[in-house]
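Values quoted throughout were computed directly from the atomic coordinates according to the rules given, and no laboratory measurement underlies them. These numbers come from a predicted model, not from an experiment. We place every Cβ from the backbone using ideal geometry, glycine too, and count neighbours over all the protein chains shown.
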């Protein structure tokens, strides 16, 4: 890490050189200002923050059609402008590596400095690193003020009444053009603009979903894939049954590591039973495994709450709410709702299903499952978490069809999972690995969500560097 920063600070990385000539489809090419690339991250206990970094990237704008013609009917006119940052080593021997950020709703370009500073110098030498801010993010963020204020950066916070409908109405009928299928088409437009036949992709969290779908739609246009903290390419289970099970495993793992002497899963089940706040607790615990896991105090707080003293747990929940505050240009909840609800099938089917019958379909699906399926939560958590309620309320919207069960192309694939991550459980990584003919799984000890995050230490990034520069 220090070596990478030293190279970048001295301007000696493989990303050096003058800005390349403008490439077809990209406009306004210029040497990026540091303000465009964002700040660098640190590893705990860390490199000294705010180290001056010179990263030689060019910034530009990519024009893409609002409507790629993926849906039936006449094509809707209009164009979107997406920000792009590109390392200047255009002749990198291994070609272009596009880093796909999470969310959905997070812009990529403003994370350029942070993510680049974590790469091994050999990766920066061998690849031309490229970032882009997807449609509906950053300066072009879809704006939903009420939903944004209430939910921030959370996937699971329960939205207030009227916020989801108000968001959908603010976006209008064009919401159908803000799903992952459109982002995949934008990514291929970027590939053509860069003038390359193939891309290597490094996708984290939602970025892994984009990477996998791109590879399945365009199998001849990818060289290798990194899928970090996998979101399954066929979509998430909005009841979060897999997350429930992983929370049991991780909390008991944490308890064993700290010698807590209690059963945190049993205590959690008791708190849910008595307080009926499963969705809130699910949201809080998931947030504590984002980046560097912060779960060590959870078993004690749950044990105290199960015994009648909820002081510590209530403080933890309040801290979680404050920690998820985010503006639309940091993570657009309008884009998040549009993509999640159009990409992921619910118990009712997809987003084209009439909204009127969705709540009953969700309840019927939950009633058909045994109590044990939801442990340590309950049916109300399954049907009442924020993701479920958002998509239950999302207006009927046309979606691009997706055929489940596809395999990734036969290219090298690295699948990464943090063993303390409950947001994207280990089972998701294992499920994705089964669809990767040349896949390899690395589980990073002690890591939470997004193993390449600086907060999680070097383990994930080391594995990525070895994978990308290996034969």
Give the percent of DSSP beta bridges with both residues in the chain that are antiparallel, rounded to the nearest 5.
40
With Cα atoms, 0 to 90° folded angle of helix 206-217 axis to the chain main axis
60
If I model a spin label at residue 275 and residue 91 as a point 7 Å from the Cα along the Cα→Cβ vector, what separation in nanometres do I get?
6.2
Taking a spot 7 Å from the Cα of residue 79 along the direction of its beta carbon, which residues of region 173-208 have an amide N less than 19 Å from it?
183, 185-195
Treating only the Cα positions of region 325-402 as identical point scatterers, give the base-10 log of I(q)/I(0) from the Debye formula at each q in 0.13, 0.22, 0.24, 0.27 Å⁻¹.
-0.45, -0.99, -1.08, -1.21
Using only the alpha-carbon atoms, how far is helix 241-258 inclined from the longest principal axis of the chain? Give it as 0 to 90 degrees, nearest 10.
90
Distant alpha-carbon pairs in region 184-248 (separation over 17 angstrom), percent:
46
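Counting only C-alpha contacts under 8 Å and six or more residues apart, can you give the relative contact order of the chain as a whole percent?
RCO, the chain: 20 percent.
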Note down the nm distance, to one decimal, between modelled labels 7 Å out along Cα→Cβ at residue 249 and at residue 325.
3.6
Region 202-339 - percent relative contact order, Cα under 8 Å, separation 6 or more:
17
Using 1/(1 + (r/R0)^6) with R0 = 35 angstrom and r between the beta carbons of residue 173 and residue 406, what's the FRET efficiency to the nearest 0.05?
0.75
Taking the 0 to 90 degree range and rounding to the nearest ten, how far is the long axis of helix 264-275 tilted relative to the main principal axis of the chain, both from C-alpha atoms?
60
Distance in nm between pseudo-label sites at residue 30 and residue 149 (7 Å out along the Cβ direction from Cα):
3.5
